[in-house]
Structures are given as C-alpha cells and as structure tokens.
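These notes concern the structure reproduced below.
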Amino acid sequence: MIHLLAAFLPTANSPFEWASQHLQIIGWPALVIFAWRVATYFERITSQASKTVGQIDMLATNHMPHMETSLISMEKSLTTIAENSHRRREDF
C-alpha cells in the first residue's frame, strides 16, 4: 500500500519526468478517451450520411414524378402560348 502511495507523492522530478515514469497511468485513459471520441465522431458522420441518403431517396421517389408532370404541363402551356403569339404576329 505504501508503495502505491509513494508513486503519487510529489518528488524532485520535473512534471515531464514524472509523466514519463507513469505513462501507463496517463496513457491508457487518454487512449480510451481518444478512441471513444473517434468512435462518436464516426457514428455521427455515419448517421448524417444515412439521413442524407434517405432524403435523396425520398426526393427521387416522391418529388421527381410530381416535378416531371408539372414540367410536362408547363411545356404544353408554353407551346400553346408560343403558337398563339405566332398567330397574333401574322394578324398584324
């Protein structure tokens, strides 16, 4: 027990020397925290990517057919307007 307490008591060593002597005390928790942060980051990125893919799929399946029919209707209307404006020009 005294040996364990002696490892944590202040000594004449500099903080860098103490850290290098007790690297396992500092290193493993730091490594675990780093790995946890990296895993959390990749989980968030993966979640966002799957959400984006879902939104693109919904756009392709739900909205594109409606946009296509709207554009076809608009094309017919513009064709009719163009034909009628051409006839008006000939009348003058």
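Rule-based calculations on the coordinates, nothing more; no lab input. Not measured: the values here are computed from a predicted model.
In a fully extended conformation the segment linking HIS63 and ALA19 would gain 9.8 nm over its present Cα-Cα distance, using 0.36 nm per residue. Could you give the Stokes-Einstein D for segment 26-91 in µm² per second, using the C-alpha Kirkwood radius, 10 °C, 1.306 mPa s? This corresponds to a translational diffusion coefficient of 94 µm²/s.
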